[in-house]
Amino acid sequence: MIYITFPDGTVKEFEQPVDGMAVAKSISEGFAANCVAMEIDGNTMDLSLPLKKDATIRFITASDPEAVTILRHSAAHLMAQAISHIYPKAHFTIGPVVENGFYYDMDMEPVSEEDFAKIEAEMKKLVKAKIPLQRKEVSKDEALKFYANEPYKSEMISDLEDGTITFYTQGDFTDLCRGPHIPHTGFIKAFKLMKVSGAYWRGDPEKPQLQRIYGTAFFSKKELKAYLTLLEEAAKRDHRKVGTALDLFSFHDDAPGMPFFHANGMEIWNSLLAYWREEHRRAGYVETKTPLILNRVLWEKSGHWENYRENMYTVVIDETESAIKPMNCPGGMLLYRMKRHSYKDLPIRAAEIGLVHRHELSGVLSGLFRVRAFHQDDAHIFMTPDMIEEEILGVLKLVARMYSTFGLGFHLELSTRPEKSIGSDLQWEQATNGLASALDAYGADYQVNKGDGAFYGPKIDIHIKDAIGRTWQCGTIQLDMSLPERFDLSYIGEDNEKHRPVMIHRVIFGSIERFFGILVEHFAGKFPLWLAPVQVVILPINDHLVPFAAEVKDLFSAAGLRSFIDDRTESLNKKVRGAQLNKIPLIVTLGEKEKANNTLAVRTLDGKVSYGVGRDDFINAAVSNILARKLEMDVLA
């Protein structure tokens, strides 16, 4: 007799071994039809796996978050099978799941997006056939024999340790894979091939260049349609396009991957940093600044020279090898060591807007999202062990306050000790418990990522959600047990003895350049008044009113409003349209009536218009909106 236990504690008895699908069907045929895979004693497996002994089982259905990953993995196999039919000379390598989809690398004749229709048509035939995906285990020798004519698969198998190798077969196509997979191809009800690019085998430029075809898949056409709509909206908001249209920043071949910020972009940049400084002063931080270049000895002490050397730019100064800093941390350690600290001095919250440089491969550079030169809003908090919970809680409250100013929601993830780590069990237990206690005290739900912490300590990652539902990992809070040790940091405790401080690394914006790009897309260039590079445009309806417009502009400038006069010889409608295209929040029109009455005609970007607005009333309302850093436009009553 075999006893199968379900998550709710109920138990079913089976007289002989059964597979997962049979167990699912014992619940109901309808339930089984929605099952993708199963979890047996914590391990995800195919439904075809025979259950030969008592087990605890959880079925993974299409509504479970991990199900779509399994679906997309199977969709990669489906695409490869279709390509093997259309391009029989193709040689296959790997087809992993990636964020929002999958890809497969193949050595084959060049393809373009124009070829996608015929590949998708073949995929649809295979879906309609509901071909089972069957798992088979073979020896390494058998696997090599099977793939004797497939150089890439043979190389991959040769690199594996001796033992069992797993294949998955669907009809006339077999692939090297660990699984798990969906029961049959009919589950892949909605898919689309997205793009094609080149990729070197195993990322080595000395090896063959392959065709990499990307795709995505969902359980329903409705989900696919929603995703494609999201992509269309994201394309409209692309920060590179919006940034060019609004004259915010640019990139040049003279400094690849290093952004140039224009005057309009700097208005946003300075507004962001002014807000950052205001909030950090309020939260008890001091601001520091460390040099851009530090010598090799320091980077060896910090461990970066050994572990991060390939990403660092180096320079020789006075015959001494140095590096342009990729991180701000070592400089912060030197500042802490400048004087003797007592427990009464702690916590020390030291923040820095530090310019760092990291050598990224040219192929991964992507607008402001992936650059080689960027600023981090770093902070290092030095504290006693009993301060961990309170300080982490303080950072979380600061994070919530700052992100809410931009209308950004967020969720939290706690990453715990990885297999390779430094520090004692007691240190890790104390640090992890401190983070968890702070999260519990904060009161928000959080996800635990077991074993995903940094080698030097556990961490909290903060994922923000933008206006169209995309998530971005920006903020992070990390406990470090390595650098205080490496730099021999200490404080004098109540017992008058030396103790090692606990240190937090944390960022909120993260890379300010990347956060800037996220905000461009979040607001689609339509920034709230306090961030807008130009807050008010003044439109005199004829040349005779330009001097009056200059008087109004002087009033605006004295109040701190960023404004300019559009005195081009164009129609008023064209000027208004230009202001709207440039996302200027407030459009002030001046005619003879406004001059006679010392009033303004005001139009907001969303089309609301008011006439006869008093100049002082307008200025007071605009300044009040800016000082409060409001998201909504409430300047007009």
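The values are calculated or read from the model by the stated rules, or taken from the named source; none is laboratory data. Treat the numbers as computed from the prediction; the structure is a model and nothing was measured. Cβ: placed from backbone, ideal geometry, glycine included. Neighbour counts: every protein chain shown.
Computed quantities for the displayed model
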quantity	calculated
Qualifying residue in the stretch 398-409 (condition: of a type in the set (Ser, Thr, Tyr) and touching a strand residue (DSSP E or B) at 6+ places or on another chain (Cβ under 7 Å))	yes
Any pair with Cβ under 9 angstrom, 6 or more apart, that starts in the stretch 540-566 at a residue that is over 16 Å from ILE626 (Cα atoms) and free of Cβ contacts under 8 Å to residues at least 24 places away in the same chain and ends at one that is outside any helix (DSSP H, G or I) and among the β-branched types (Val, Ile, Thr)	VAL546/ILE565; ALA550/ILE538; ALA550/ILE565; LYS553/VAL536; LYS553/ILE538; LYS553/ILE565
Residue ID - nearest to TRP530 (Cα to Cα), chosen from residues in the stretch 567-585 that are without any contact (Cβ under 8 Å) to a residue 12 or more places away in the chain and of a type in the set (Lys, Arg)	ARG577
Pair list, Cβ < 7 Å and 6+ apart or interchain, from the stretch 255-272 residues that are within 8 Å of PRO533 (Cβ to Cβ) to residues that are among the basic types (Lys, Arg)	GLU267/ARG562
PHE249 aromatic (Phe, Trp, Tyr), closer than 30 Å to LYS189 by Cα and in contact with a helix residue (DSSP H, G or I) (Cβ under 7 Å, 6 or more places away or on another chain)	no
Given (1) touching a strand residue (DSSP E or B) at 6+ places or on another chain (Cβ under 9 Å); (2) charged (D, E, K, R); (3) under 20 Å from VAL98 (Cα atoms); (4) without any contact (Cβ under 8 Å) to a residue 24 or more places away in the chain, index of the condition ARG202 fails	(1)
Any hit, the stretch 489-501, residues being out of contact with any strand residue (DSSP E or B) (no Cβ under 7 Å at 6 or more places or on another chain), acidic (Asp, Glu) and within 28 Å of TYR403 (Cα to Cα)	no
The stretch 518-571, residues that are surrounded by 15 or more Cβ atoms within 10 Å (Cβ to Cβ), over 21 Å from SER271 (Cβ atoms), in contact with a Gly (Cβ under 9 Å, 6 or more places away or on another chain) and of a type outside the set (Asp, Glu)	PRO540, ILE541, LEU545
Considering residues of the stretch 585-603 that are more than 16 Å from ILE619 (Cα to Cα) and either surrounded by 16 or more Cβ atoms within 10 Å (Cβ to Cβ) or not assigned by TED's automatic domain parsing to the domain that holds VAL546 (or both) only, the residue nearest to the chain's Cα centre (by Cα)	GLY591
Criterion violated by SER421 - all others in (1) touching a strand residue (DSSP E or B) at 6+ places or on another chain (Cβ under 9 Å); (2) surrounded by fewer than 17 Cβ atoms within 10 Å (Cβ to Cβ) satisfied	(2)
Wholly enclosed strands (runs of 3 or more DSSP E) of the stretch 145-263 bearing at least 2 residues charged (D, E, K, R) and not assigned by TED's automatic domain parsing to the domain that holds GLU114	none
Test for SER437: is it at pLDDT below 95 and crowded, with 21+ Cβ neighbours inside 10 Å	no
Members of the stretch 72-125 found to be of a type in the set (S, T, N, Q) and free of Cβ contacts under 8 Å to residues at least 40 places away in the same chain, listed by number	none
Sole exception among (1) touching a helix residue (DSSP H, G or I) at 6+ places or on another chain (Cβ under 7 Å); (2) assigned to a loop (DSSP other than H, G, I, E, B) for GLN430, by number	(2)
Within the stretch 615-632, tally of residues that are surrounded by fewer than 20 Cβ atoms within 10 Å (Cβ to Cβ) and either of a type in the set (Phe, Trp, Tyr) or in contact with a Pro (Cβ under 8 Å, 6 or more places away or on another chain) (or both)	4
Complete set of residues in the stretch 466-487 that are buried (at least 16 other Cβ atoms within 10 Å of the Cβ), outside any helix (DSSP H, G or I) and of a type outside the set (A, V, I, L, M, F, W, C)	ASP466, ARG470, GLY475, THR476, GLN478, ASP480, SER482
Condition check for VAL371: touching a Lys or Arg at 6+ places or on another chain (Cβ under 8 Å), in the same structural domain as ARG514 (by TED's automatic domain parsing) and free of Cβ contacts under 8 Å to residues at least 60 places away in the same chain	no
